[in-house]
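Here is the structure we will look at.
Just so you know, all these numbers are worked out from the coordinates, no wet-lab data involved. All of these numbers come straight from a predicted model, not from anything done at the bench.
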Amino acid sequence: MSPLEKLFGKTAQLTVLEYLMRNKGEINYLSGIAQGTGLYHSSVARVIEPLLQNNIIIEKKIGKQIRSFYLNEENEAAKLLIKFYDELRLLSDEQLTSPDLEKPVVDHE
């Protein structure tokens with residue numbers, strides 16, 4: 001389970017956003033996002049619209065039918081999301097490897 005999923009639950013939009021953050025700097029196609037996330041092509045197309053409207057991701061059309069997308073790393077909201085995601089992943093990784101996270105023994109006497 002991803003760190004974002006642990007906090008906010010699993011939604012298609014969050015899954016797509018996280019996929020794009022993991023693949024920032026790369027151009028992604030709708031079918032590639034669908035394959036990489038395990039979502040249906042139509043679901044990706046639906047949940048990508050609000051991300052486009054808020055300029056979190058940018059669409060580039062290649063030819064008449066091919067849509068490509070990439071994370072808009074210049075957008076302030078996207079920058080904050082990326083920073084939050086990266087820090088959350090680090091925290092999650094640290095917690096997974098920390099020996100201090102063993103469950104404490106509670107004495108109820």
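So here's what we get for this one:
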quantity	calculated
Taking region 45-95 and dividing mean pair separation by its residue count, relative contact order in percent (alpha carbons under 8 Å, at least six apart)	23
Geometric extent, Cα atoms of region 1-63 - Rg, Dmax (angstrom)	11.4, 39
Qualifying lysines (Cα of each under 25 Å from Cα of K61; at least 8 residues distant if same chain)	K24, K79
For region 82-89, 3J(HN,Hα) per residue [Karplus equation, 6.51 cos²θ - 1.76 cosθ + 1.60, θ = phi - 60°, Hz, x = Gly/Pro]	5, 4, 4, 4, 4, 5, 5, 5
Distant-in-sequence amide H partners of F69 (H built 1.01 Å from N, under 5 Å)	N28, Y29, K60
